[in-house]
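**Student:** Quick one: this structure, given as structure tokens, is what I'll be asking you about.
The values are calculated or read from the model by the stated rules, or taken from the named source; none is laboratory data. Everything numeric in this text was worked out from a predicted model, so none of it was measured. Cβ placement follows ideal geometry from the backbone for every residue including glycine, while neighbour counts extend to all protein chains displayed.
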Amino acid sequence: MFFITLIKFLGITLNPAGINQRGRIMKKQPALFISHGSPMMAIEESKTSLFLQALGKSLMKPKAIVVFSAHFDRVNDIVITAGKQPKTIHDFFGFPKPLYKLQYQAHGSPELAQQIAKRFQEAGLKPKLDEQQGWDHGVWIPLRLMFPKADIPIVQVSINSSLGASHNYEYGKLLASLRDENILIIGSGNISHNLREFFNPTFGSKQRVTAFATWVNKHLSNGQVAPLLNYLDEAPDVLFNHPTQEHFLPLIATMGASGTGKAEMIHQDIERDILAMDAYRFN
């Protein structure tokens, strides 16, 4: 009884046997979706930057992190980062100079990249390993806040906005069991992402963002996968909130990695009435 109580206190999830084949206690990570917002979050304090700092401190330290980022969208391909020391990419323009000096020197994991590639291959897919791809700002900006020591290896898996929600959902499903190996899976995008409206808002924009975000939360909180996979036809004001789809598909991939599709909202905010910064945890 003491052992069970201690395990619960430590927040460790066991498989039915409680022990893996090597006799070690197994640790399960959640799958997370985070809204990474503007690159300015790297140098300006906001509700979301403070949330991400607290979120990193609240998590059991993972062995590795796998990220589906909105800024790693590869049409017709599945690409997996396989470099040992990927560079920090400043893939944005017109921001203050200090932002371009920031680095996030987390290592990659070629070994984990190979394991992930094998999962895709066994599903009949043909992934590509990329040893040159660096960390885009959908990766390094939130992770720099969550894990500032940069001491956790990272692998990115591309999304594919040309194939739609169901394919990206299947990508996540292939990686779901990695969570049982103390590997954290993160989708990094935004609940809403309309940059034209962000810089030139029109009347009623906040209401349209709120309606969409409320719809997403309703289905995630109830574990209703089908409507979310069909969000382009069912969600209110969907093309207003996502004129292009790359910032929503990381949520879909993370949902695939969840096993259940049921999530808890762990952060909520709207920046400048247009950029919904909600975050979700799939246990």
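**Student:** I need the full set of residues from segment 219-263 which are in a helix (DSSP H, G or I), farther than 24 Å from GLY138 by Cα and in contact with a helix residue (DSSP H, G or I) (Cβ under 8 Å, 6 or more places away or on another chain), in order please.
**Tutor:** Matches in segment 219-263: HIS219, VAL225, PRO227, GLU234.
**Student:** When segment 54-78 is examined, which residues are found to be of a type in the set (A, V, I, L, M, F, W, C), in contact (Cβ under 8 Å) with a residue 24 or more places away in the chain and more than 19 Å from LEU112 (Cβ to Cβ)?
**Tutor:** Scanning segment 54-78 gives LEU55, ALA70, VAL75.
**Student:** Scan (1) crowded, with 19+ Cβ neighbours inside 10 Å; (2) closer than 28 Å to GLY124 by Cα; (3) within 19 Å of the chain's Cα centre (by Cα) for the single condition ARG74 breaks and write down its number.
**Tutor:** Result: ARG74 fails condition (1) only.
**Student:** Out of curiosity, is ALA117 buried (at least 17 other Cβ atoms within 10 Å of the Cβ) and outside any helix (DSSP H, G or I)?
**Tutor:** For ALA117, the condition - buried (at least 17 other Cβ atoms within 10 Å of the Cβ) and outside any helix (DSSP H, G or I) - is not met.
**Student:** LEU220 - would you say it is among the hydrophobic types (A, V, I, L, M, F, W, C), within 25 Å of GLN121 (Cα to Cα) and surrounded by 22 or more Cβ atoms within 10 Å (Cβ to Cβ)?
**Tutor:** no
**Student:** Looking for something under 24 Å from MET265 (Cβ atoms), under 17 Å from the mean Cα position of the chain (by Cα) and of a type in the set (Ser, Thr, Tyr) - is there at least one such residue anywhere in segment 41-48?
**Tutor:** Within segment 41-48, one or more residues are under 24 Å from MET265 (Cβ atoms), under 17 Å from the mean Cα position of the chain (by Cα) and of a type in the set (Ser, Thr, Tyr).
**Student:** Quick check on segment 186-204: of everything there that is among the aromatic types (Phe, Trp, Tyr) and not in a loop (DSSP other than H, G, I, E, B), which residue is surrounded by the fewest Cβ atoms within 10 Å (Cβ to Cβ)?
**Tutor:** PHE199
Each row is one residue, and each column tells you yes or no for (1) under 17 Å from LEU129 (Cβ atoms); (2) in contact with a strand residue (DSSP E or B) (Cβ under 9 Å, 6 or more places away or on another chain); (3) not in a loop (DSSP other than H, G, I, E, B).
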{"position": "PHE68", "(1), (2), (3)": "yes, yes, yes"}
{"position": "HIS71", "(1), (2), (3)": "no, yes, no"}
{"position": "ASN76", "(1), (2), (3)": "yes, no, no"}
{"position": "ILE80", "(1), (2), (3)": "yes, yes, yes"}
{"position": "LYS84", "(1), (2), (3)": "yes, yes, no"}
{"position": "ASP91", "(1), (2), (3)": "no, no, no"}
{"position": "PRO98", "(1), (2), (3)": "no, no, yes"}
{"position": "GLN105", "(1), (2), (3)": "no, yes, no"}
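**Student:** A further question follows. Any residue at all in segment 32-53 that's within 24 Å of LEU163 (Cα to Cα), surrounded by 17 or more Cβ atoms within 10 Å (Cβ to Cβ), among the aliphatic types (A, V, I, L, M) and touching a residue at least 60 places away in the same chain (Cβ under 8 Å)?
**Tutor:** Yes, because at least one residue in segment 32-53 is within 24 Å of LEU163 (Cα to Cα), surrounded by 17 or more Cβ atoms within 10 Å (Cβ to Cβ), among the aliphatic types (A, V, I, L, M) and touching a residue at least 60 places away in the same chain (Cβ under 8 Å).
**Student:** Of all residues in segment 83-114, count the ones that are of a type in the set (S, T, N, Q) and either under 18 Å from ILE159 (Cα atoms) or surrounded by fewer than 19 Cβ atoms within 10 Å (Cβ to Cβ) (or both).
**Tutor:** 4
**Student:** From the list GLY223, GLY261, which one is small (Gly, Ala, Ser), out of contact with any strand residue (DSSP E or B) (no Cβ under 6 Å at 6 or more places or on another chain) and closer than 19 Å to LEU184 by Cβ?
**Tutor:** Sole residue among the options that is small (Gly, Ala, Ser), out of contact with any strand residue (DSSP E or B) (no Cβ under 6 Å at 6 or more places or on another chain) and closer than 19 Å to LEU184 by Cβ: GLY261.
**Student:** Taking PRO142, is it over 22 Å from LYS63 (Cα atoms) and modelled with pLDDT of 95 or more?
**Tutor:** In short, no.
**Student:** So, one more: Kindly list the number of the only condition in (1) of a type outside the set (Asp, Glu); (2) on the phi > 0 side of the Ramachandran plot; (3) touching an Asp or Glu at 6+ places or on another chain (Cβ under 7 Å) that fails for ILE191.
**Tutor:** With (1) of a type outside the set (Asp, Glu); (2) on the phi > 0 side of the Ramachandran plot; (3) touching an Asp or Glu at 6+ places or on another chain (Cβ under 7 Å) applied to ILE191, the lone miss is (2).
**Student:** Ok, one more. Find all pairs meeting these conditions: Cβ atoms under 7 angstrom apart; at least six residues apart or on different chains; first residue within segment 79-98 and in contact (Cβ under 8 Å) with a residue 40 or more places away in the chain; second residue assigned to a loop (DSSP other than H, G, I, E, B) and of a type in the set (Asp, Glu).
**Tutor:** Filtered contacts from segment 79-98: ALA82/GLU131; GLY83/GLU131; ILE89/ASP136; ASP91/ASP136.
**Student:** Return yes or no: is ASN168 among the polar types (S, T, N, Q), at pLDDT 95 or above and over 20 Å from VAL75 (Cβ atoms)?
**Tutor:** Criteria not met by ASN168.
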